[in-house]
Ligand code: DAH
């Protein structure tokens, strides 16, 4: 029979374990309070109306006593811990932070900073892409020979519609042009940095690498806007005013006309650096967005025009910071990262010099 003795025992339980035992022996399945509650069923109505309030109030009193003692014991435990545990604040701080910002991340941050100043926002798209975005909408219908220009990784189809086209690992960032044009109304000014994939591997090619895409869609856009934008961007990126551009006619299915862009280099202290024009090296693909691409996105090419460009972020990093082997970018060799990495608090800003 539970009674005030139980409550006294609960109030003086020495620790949480003893308290738990008391909970079981009162409120547990075969506990004393539970037994009294069960006994109500066997009573006559008169007896029950006399006993029920007593038993219920006993249950409440036991429950309250258990909760109260639990809080007391837990508090006491915490007090004890606080009184005995010591943290030695005089221990020396860890050595200088070891992490560094990878050159690819650094260059992406630099590019975002430069293009934000020109009014471009950053857009994103998926790396596992539908063929419509990666090829078809970019004016490369099925069996178009340009699809073979890139060594595509095709994904295996799992379940779903057997007639649906397999997804691909995006071979370039150009599908983000389509995603931008089909998801927001023009005018548009976006850059899209990100990972791309091709089945290719040597000193200057890795199966995964990084590109950045640029897209402007507006009214009355012409080649002059493209050239000015690229010149302004490359001067800011290489942090030199003597960057010289050369545009060579080229072919991309999604632009017409298309141009490959070279920058001039010169020798400084035995090294080839960007600036001047003793020689040329290719840095970008670009052109005026093909009217078919604009129409594929549901816009009227008579009303809207634009330019686009795309380039390798890793390649820009190599040119600016003087690395020679692309594979080292993805080896995770700490010595390389220490040498070429950037301090995490050195955020690129135009005012401070983007490559600071
Ligand atoms: N997507 C092209 C490639 O990966 C690069 C490119 C060329 C992008 C011209 C463009 C462009 O936007 O206009 O080779």
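What the table below lists for this structure:
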| read-out | value |
| --- | --- |
| Candidates 52, 18, filtered to the one that is surrounded by fewer than 17 Cβ atoms within 10 Å (Cβ to Cβ) and in contact with a helix residue (DSSP H, G or I) (Cβ under 7 Å, 6 or more places away or on another chain) | 52 |
| Yes/no for residue 135 being closer than 21 Å to residue 205 by Cβ and either assigned by TED's automatic domain parsing to the domain that holds residue 334 or touching a residue at least 60 places away in the same chain (Cβ under 8 Å) (or both) | yes |
| Residue in the range 217-229 that is loosely packed, with under 15 Cβ neighbours inside 10 Å and within 14 Å of the ligand (Cβ to nearest atom) present | yes |
| Test for residue 288: is it within 11 Å of the ligand (Cβ to nearest atom) and either part of a strand (DSSP E or B) or out of contact with any strand residue (DSSP E or B) (no Cβ under 6 Å at 6 or more places or on another chain) (or both) | yes |
| Spans of strands (runs of 3 or more DSSP E) in the range 194-279 with at least 2 residues more than 31 Å from the chain's Cα centre (by Cα) and under 27 Å from residue 123 (Cβ atoms) | 245-252, 255-268 |
| Selection count where residues are out of contact with any helix residue (DSSP H, G or I) (no Cβ under 8 Å at 6 or more places or on another chain) and under 18 Å from residue 252 (Cβ atoms), scope the range 158-199 | 5 |
| Among the residues listed as 119, 31, the single one being at positive phi and at pLDDT 90 or above | 119 |
| Search result, residues across the range 79-125 that are surrounded by 10 or more Cβ atoms within 10 Å (Cβ to Cβ), part of a helix (DSSP H, G or I) and out of contact with any strand residue (DSSP E or B) (no Cβ under 6 Å at 6 or more places or on another chain) | 79, 80, 103, 105, 107, 109, 110, 113, 114, 116, 117 |
| Per-region count, the range 26-48, residues over 22 Å from residue 63 (Cα atoms) and in a helix (DSSP H, G or I) | 4 |
| Lone qualifier among 195, 179, 170 - being buried (at least 19 other Cβ atoms within 10 Å of the Cβ) and away from the ligand (no atom under 11 Å from the Cβ) | 179 |
| Residue within the range 239-249 that is under 27 Å from residue 195 (Cα atoms), within 13 Å of the ligand (Cβ to nearest atom) and crowded, with 19+ Cβ neighbours inside 10 Å present | no |
| Some residue of the range 261-278 being within 13 Å of the ligand (Cβ to nearest atom) and farther than 26 Å from residue 183 by Cα | yes |
| Single residue of 298, 306 found to be touching a strand residue (DSSP E or B) at 6+ places or on another chain (Cβ under 6 Å) and either within 16 Å of the ligand (Cβ to nearest atom) or more than 16 Å from residue 234 (Cα to Cα) (or both) | 306 |
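The values are calculated or read from the model by the stated rules, or taken from the named source; none is laboratory data. Nothing here was measured: the structure is a model prediction, and the numbers come from that model. For neighbour counting, all protein chains shown are included, and Cβ atoms are generated from backbone atoms with ideal geometry for every residue, glycine included.
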